[in-house]
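> Shown below is the structure under consideration.
The values are calculated or read from the model by the stated rules, or taken from the named source; none is laboratory data. On a predicted model such as this, the values are computed, not experimentally measured, just so you know. Cβ atoms come from the backbone with ideal geometry, glycine included; neighbour counts cover every protein chain shown.
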Amino acid sequence: MAAIDILEVSKIYAGGVEAVKSVSIDIADGEFIVLVGPSGCGKSTLLRMVAGLEEISKGTVTIGGRRINDVEPADRDIAMVFQNYALYPHMTVYDNLAYGLKNRGTPKAEIDARVAEAARMLEIEPYLTRKPRALSGGQRQRVAMGRAIVRKPAAFLFDEPLSNLDAKLRVSMRGEIKQLQKRLGTTSLYVTHDQLEAMTLADRLVVLNGGRIEQIGRPLEVYHTPASTFVASFIGSPAMNLVQVTREGTRLHFGGQVLETGRLPPLPAELTLGIRAEDLRLAQPGDPSLRLKVEYIEELGAQRLVHGTVDGKTLTAALSPEIDIADTIALTVAPSRLHFFDTSTGKRITQPLDPAAGRRESATLPEPVLV
Ligand SMILES: Nc1ncnc2c1ncn2[C@@H]1O[C@H](COP(=O)(O)OP(=O)(O)O)[C@@H](O)[C@H]1O
Ligand SMILES: [Mg+2]
């Protein structure tokens, strides 16, 4: 096991495409880091540079304090798990698991012991004599994991390992990977475009956008205090509502409707307001509120997503399915739950409130008032 230090690493492909732009991530020993972002943002490129499958154009990567820029992939003491499993089709599961160890000249008894241990952990003991084609997708994924585990590497690198599985299997494999990583305590760098996978697996997640880091933080920290509109709309489902508003004193103008917040930090006159769908609540009679013209409703079972407009501005509210929805509904939100972004840069303006502070604030700040 080892810490991984990625320091100002860039990748410039032949032809001049700068896929990764001066990325720095300090990964602690045993930490589970998830790289998340849309397709093409440079996740695989960064992972492959750590693995040694791509040359590092600029910057330094150290694993366990050793600079590995020029170290051969096989000598980096890492194990990689890919989306397509990359199992040898003509070999049995046992041989797939044993292959890397055999190549390294590990004694037979040691190989047997490690394969048996990994197979037990992953519950694939009954399949050791089968070929990969005789396995389900989930079982193949387990074998791919097993091949990484038997190596007892300093770090695991995962590139979208669950993308080929159906939704239900993905959720259960996600849980297995998390538990396994906790048990083994192996430093892990995991790539996914799936924000839910990132939220549930990561000790800390790294949100990438166009080759640059938008934010690094613990999942809830990123969820509650997104550093930019990009992060706000990428992390969390449904995406955070982002509305252009004008500020006048402590009032926020949504076109014709006005939200009286009671108190605001220093803000420009024009800004982007962020509100999570789950922070909007149905106002009780007499409560201050915004009027939402309902356009359509999505029933999710546990929640009901109500999509509509406030003075032409699109807004989604996640409400309880028990509530009856009229054509126009009155919504309210605690001022402590409002997020403010600079409209031109997309960056967060105020220092965010942590969830505990948010609860304290909402107890002391007045509810918004519609004027
Ligand atoms: N071998 C390559 N040569 C040139 N450009 C590449 C190569 N591989 C990836 N890219 C480009 O680098 C960017 C990042 O790609 P990638 O790291 O695969 O993204 P992700 O894994 O986040 O989807 C993309 O614009 C992609 O087209
Ligand atoms: Mg990729």
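> For region 47-61, check the following and say yes or no: at least one residue is among the hydrophobic types (A, V, I, L, M, F, W, C), away from ligand 2 (no atom under 16 Å from the Cβ) and surrounded by 14 or more Cβ atoms within 10 Å (Cβ to Cβ).
The initial filter retains those residues of region 47-61 that are among the hydrophobic types (A, V, I, L, M, F, W, C), namely 47, 49-51, 53, 56, 61.
Filter once more, keeping what is away from ligand 2 (no atom under 16 Å from the Cβ): 56, 61.
Those still in the list that are surrounded by 14 or more Cβ atoms within 10 Å (Cβ to Cβ) too: 56, 61.
The answer is yes; a qualifying residue exists.
> Which number in (1) under 30 Å from the mean Cα position of the chain (by Cα); (2) assigned to a loop (DSSP other than H, G, I, E, B) marks the one condition that Ile297 misses?
(2)
> Now for a different question. For region 160-204, name all the residues that are surrounded by 21 or more Cβ atoms within 10 Å (Cβ to Cβ) and within 16 Å of ligand 2 (Cβ to nearest atom).
Matches in region 160-204: Pro161, Leu162, Leu189, Tyr190, Val191, Thr192, Gln195, Glu197, Ala198.
> Within region 330-341, which residues are in contact with a Pro (Cβ under 7 Å, 6 or more places away or on another chain), at pLDDT 90 or above and outside any strand (DSSP E or B)?
The one that is in contact with a Pro (Cβ under 7 Å, 6 or more places away or on another chain), at pLDDT 90 or above and outside any strand (DSSP E or B): Val333.
> Could you tell me which of the residues Pro285, Pro265 is outside any helix (DSSP H, G or I), more than 17 Å from Thr343 (Cα to Cα) and of a type outside the set (Val, Ile, Thr)?
So the residue among Pro285, Pro265 that is outside any helix (DSSP H, G or I), more than 17 Å from Thr343 (Cα to Cα) and of a type outside the set (Val, Ile, Thr) is Pro285.
> Please indicate, with yes or no, whether at least one residue in region 247-262 is surrounded by fewer than 19 Cβ atoms within 10 Å (Cβ to Cβ), part of a strand (DSSP E or B) and within 31 Å of the chain's Cα centre (by Cα).
The answer is no, given that none of the residues of region 247-262 is surrounded by fewer than 19 Cβ atoms within 10 Å (Cβ to Cβ), part of a strand (DSSP E or B) and within 31 Å of the chain's Cα centre (by Cα).
> Then there's this: Inside region 129-139, can you point out the residues that are outside any helix (DSSP H, G or I) and either surrounded by fewer than 18 Cβ atoms within 10 Å (Cβ to Cβ) or of a type in the set (Lys, Arg) (or both)?
Passing the criteria: Thr129, Arg130, Lys131, Ser136.
> Residue by residue through region 19-46, note down the ones that are crowded, with 17+ Cβ neighbours inside 10 Å and in a strand (DSSP E or B). Talk me through it step by step, then tell me what you get.
Of the residues in region 19-46, the ones crowded, with 17+ Cβ neighbours inside 10 Å are 19-21, 23, 25, 27, 30-37, 41-46.
Passing the criteria: Ala19, Val20, Lys21, Val23, Ile25, Ile27, Phe32, Ile33, Val34, Leu35, Val36.
> Looking only at region 253-273, count how many residues are in contact (Cβ under 8 Å) with a residue 60 or more places away in the chain and closer than 14 Å to Thr332 by Cα.
Residues that pass the stated criteria total 6.
> Also, I was wondering about something else. Would you pick out the residues in region 217-237 that are assigned to a helix (DSSP H, G or I), of a type in the set (A, V, I, L, M) and crowded, with 20+ Cβ neighbours inside 10 Å?
Of the residues in region 217-237, the ones assigned to a helix (DSSP H, G or I) are 219-224, 229-234.
Then keep just the ones that are of a type in the set (A, V, I, L, M); that gives 220, 222, 231-232.
Passing the criteria: Val222, Val231, Ala232.
> Among the residues of region 168-178, are any within 17 Å of Ser39 (Cα to Cα) and not aromatic (Phe, Trp, Tyr)?
To start, the set of residues in region 168-178 that are within 17 Å of Ser39 (Cα to Cα) comprises none.
No, every residue in region 168-178 fails to be within 17 Å of Ser39 (Cα to Cα) and not aromatic (Phe, Trp, Tyr).
> Need the failing condition index for Arg147 against (1) within 22 Å of Val191 (Cβ to Cβ); (2) in contact (Cβ under 8 Å) with a residue 40 or more places away in the chain; (3) surrounded by fewer than 16 Cβ atoms within 10 Å (Cβ to Cβ), just the number.
Condition (3) is where Arg147 drops out.
Quick grid of which residues meet (1) in contact (Cβ under 8 Å) with a residue 12 or more places away in the chain; (2) within 16 Å of ligand 1 (Cβ to nearest atom); (3) on the phi < 0 side of the Ramachandran plot; (4) part of a loop (DSSP other than H, G, I, E, B):
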site: Val50; (1), (2), (3), (4): yes, yes, yes, no
site: Leu53; (1), (2), (3), (4): yes, yes, yes, yes
site: Asp70; (1), (2), (3), (4): no, no, yes, yes
site: Met80; (1), (2), (3), (4): yes, yes, yes, no
site: His90; (1), (2), (3), (4): yes, no, yes, yes
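For (1) of a type outside the set (S, T, N, Q); (2) away from ligand 1 (no atom under 13 Å from the Cβ), each residue gets a yes or a no:
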| residue | (1), (2) |
| --- | --- |
| Asp159 | yes, no |
| Asp166 | yes, yes |
| Gly175 | yes, yes |
| Leu180 | yes, yes |
| Thr192 | no, no |
| Arg212 | yes, no |
| Gly217 | yes, yes |
| His224 | yes, yes |
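> Given the options Met240, Met173, name the one that is within 30 Å of Arg348 (Cβ to Cβ) and either of a type in the set (A, V, I, L, M) or modelled with pLDDT under 95 (or both).
Met240 is the lone residue from the list that is within 30 Å of Arg348 (Cβ to Cβ) and either of a type in the set (A, V, I, L, M) or modelled with pLDDT under 95 (or both).
> I've got another one for you. Go through (1) within 18 Å of the chain's Cα centre (by Cα); (2) in contact (Cβ under 8 Å) with a residue 24 or more places away in the chain; (3) more than 8 Å from ligand 1 (Cβ to nearest atom) and name the single condition Cys41 misses.
(3)
> Take region 300-329 and flag every residue that is in a loop (DSSP other than H, G, I, E, B) and either within 16 Å of Phe254 (Cα to Cα) or of a type outside the set (D, E, K, R) (or both).
Residues of region 300-329 in a loop (DSSP other than H, G, I, E, B): 300-303, 311-312, 320-327.
Answer for region 300-329, where residues must be in a loop (DSSP other than H, G, I, E, B) and either within 16 Å of Phe254 (Cα to Cα) or of a type outside the set (D, E, K, R) (or both): Leu300, Gly301, Ala302, Gln303, Asp311, Gly312, Ser320, Pro321, Ile323, Ile325, Ala326.
> Which pairs turn up if I take residues in region 15-29 that are away from ligand 1 (no atom under 15 Å from the Cβ) and look for partners that are outside any strand (DSSP E or B) and not aromatic (Phe, Trp, Tyr) with beta carbon separation below 8 Å, at least 6 apart in sequence or on another chain?
Asp26/Ala3; Ile27/Ala3; Ala28/Ala3; Asp29/Met1; Asp29/Ala2; Asp29/Ala3
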